[in-house]
1. For a quick check of your reading of the model, give me the residue pairs whose first member lies in region 9-22 and is farther than 16 Å from residue 44 by Cβ, whose second is polar (S, T, N, Q), with beta-carbon atoms closer than 7 Å and at least 6 apart or on different chains.
2. What residue, among those in region 9-44 that are assigned to a helix (DSSP H, G or I) and over 30 Å from residue 56 (Cβ atoms), is most open to solvent (accessible area, probe 1.4 Å)?
3. Could you please find all residues in region 85-118 being modelled with pLDDT of 85 or more, aliphatic (A, V, I, L, M) and either surrounded by fewer than 12 Cβ atoms within 10 Å (Cβ to Cβ) or assigned to a helix (DSSP H, G or I) (or both)?
4. Any idea how many residues of region 1-33 are under 21 Å from residue 85 (Cβ atoms), of a type outside the set (A, V, I, L, M) and in contact with a strand residue (DSSP E or B) (Cβ under 7 Å, 6 or more places away or on another chain)?
5. Counting only residues that are in contact with a Leu (Cβ under 9 Å, 6 or more places away or on another chain) and more than 17 Å from residue 76 (Cβ to Cβ), how many does region 41-64 have?
Amino acid sequence: MLLGGGSFGGKQFLTPEAMKLLTTVQTGDLPTGFIENRGTNYGWGIGTCILRAPHPGVAATLSPGTFGHGGAWGTQAWIDPVRGVAYVLMVQRPDSGNGDASEIRRAFQQTAADALTR
């Protein structure tokens, strides 16, 4: 539904205006995000973190404008509207540290991106 601009299966769940709020940086130039030394690469919409510019590591395979968020124990969901891909990583690892910057997330997204380009 998020990848479809708010609609799924022919039904509109979120208005275009709501999608714009979710996917447009609302925090100005304020450094944000949860990845150390990468705050200027991110901004926050309403409830989603938005990638302003890709960087080495977990965001290397993502397009500018990718949006999503991670959970406390490593679960991640990121929508890349440019590539038309939704990445969803379902894990529950209390020892994973910062799931947004984890090696698990980086390897998952890289493997998925590689598979999509074959």
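1. If the second residue must be polar (S, T, N, Q), the pairs left are 13/7.
2. 17
3. Across region 85-118, the qualifying residues are 90, 107, 112, 113, 115, 116.
4. Selection size over region 1-33: 4.
5. Here the count works out to 3.
The values are calculated or read from the model by the stated rules, or taken from the named source; none is laboratory data. Since we're looking at a predicted model, the values are computed, not measured. Virtual Cβ from ideal backbone geometry, glycine too; neighbours counted across all protein chains shown. The accessibility values were calculated without ligands, DNA or RNA, using every heavy atom of the protein model including side chains. Shrake-Rupley method; radii C 1.70, N 1.55, O 1.52, S 1.80 Å.
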